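Participant: Please find one structure pasted underneath; my questions will follow.
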């Protein structure tokens, strides 16, 4: 009998961001929304820099890589990344890096079946270089619309004959179709999220089957869905709002556990498999 699908939520340190970076109403020009985020003087509570391990009978998939521990070293970010420190403050040490956390679980980078990148912002894809160096044959999945890097990924083209809820197309990661990628553009062009069917939580799940939605930065937290407010630095806030509404539509059609990467409550949501119930 094959092992059940299982998810683990890992946080590669924490990040504090400007509250208006986390969410704003979708109206207005994206440049004005970003300016408001930059001028915001407040900070959020520490938020997880979340990644997910998807344990599937076909192998282990990693959704996003998180931030590398060296991100706080002088010179890590180029001088052109002027606003990075104005918008984000990371806290992490060597044990928080995803490679160290994998090895703590007895997993080497070469043991991964593949890595799915929601988008190529540094705290979602910052460890790709290290992972690929440790496992040169590692398969990396990036959407066609969002591709921009120095090695050959496996390009995701969404297949129109594979609808998932309100999404007309998807890309299957596994042969059984239980782990699929859907387009959740808005935060950036070609942003991707993962849907996992029939998984249990990391404690074993007691036989109950669950559908999970891993939105990446399509929703920083559950509150973005509740308020229908995308993050404050979206490339296309109206498209990001459309994506939030599509996730809610998905959750109205079936029981879905939504697991945002930057929500302090995600670990509890996963442990309890708390179904998101949109109003």
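The values are calculated or read from the model by the stated rules, or taken from the named source; none is laboratory data. The model shown is predicted, which means the values in this text are computed figures rather than measured ones. Heads up, the Cβs are rebuilt from the backbone with ideal geometry, glycines too, and the neighbour counts pull from every protein chain shown.
Participant: How many residues does the stretch 58-110 contain that are assigned to a loop (DSSP other than H, G, I, E, B), under 22 Å from residue 217 (Cα atoms) and in contact with a strand residue (DSSP E or B) (Cβ under 9 Å, 6 or more places away or on another chain)?
Facilitator: Number satisfying all stated conditions: 7.
Participant: Take the residues in the stretch 97-119 that are in contact (Cβ under 8 Å) with a residue 60 or more places away in the chain and surrounded by 19 or more Cβ atoms within 10 Å (Cβ to Cβ), then tell me which one is nearest to residue 261 (Cα to Cα).
Facilitator: Among those residues, the one meeting the criterion is 118.
Participant: Now, a different point. (1) closer than 24 Å to residue 180 by Cα; (2) part of a loop (DSSP other than H, G, I, E, B); (3) touching a helix residue (DSSP H, G or I) at 6+ places or on another chain (Cβ under 8 Å): which one isn't true of residue 115, the others all being true?
Facilitator: Residue 115 satisfies all of (1) closer than 24 Å to residue 180 by Cα; (2) part of a loop (DSSP other than H, G, I, E, B); (3) touching a helix residue (DSSP H, G or I) at 6+ places or on another chain (Cβ under 8 Å) except (2).
Participant: Would you mention how many residues in the stretch 210-266 are over 16 Å from residue 182 (Cβ atoms), touching a strand residue (DSSP E or B) at 6+ places or on another chain (Cβ under 9 Å), in contact (Cβ under 8 Å) with a residue 60 or more places away in the chain and outside any loop (DSSP other than H, G, I, E, B)?
Facilitator: Selection size over the stretch 210-266: 2.
Participant: Quick one: is residue 276 within 13 Å of residue 118 (Cβ to Cβ) and part of a loop (DSSP other than H, G, I, E, B)?
Facilitator: no
Participant: When residue 45 is evaluated against the numbered criteria (1) modelled with pLDDT of 95 or more; (2) in a loop (DSSP other than H, G, I, E, B); (3) touching a helix residue (DSSP H, G or I) at 6+ places or on another chain (Cβ under 8 Å), which criterion, by number, is the only one it fails?
Facilitator: Condition (3) is where residue 45 drops out.
Participant: Within the stretch 120-153, restricting attention to residues that are at pLDDT 90 or above and in a loop (DSSP other than H, G, I, E, B), which residue is surrounded by the most Cβ atoms within 10 Å (Cβ to Cβ)?
Facilitator: So the residue we want is 127.
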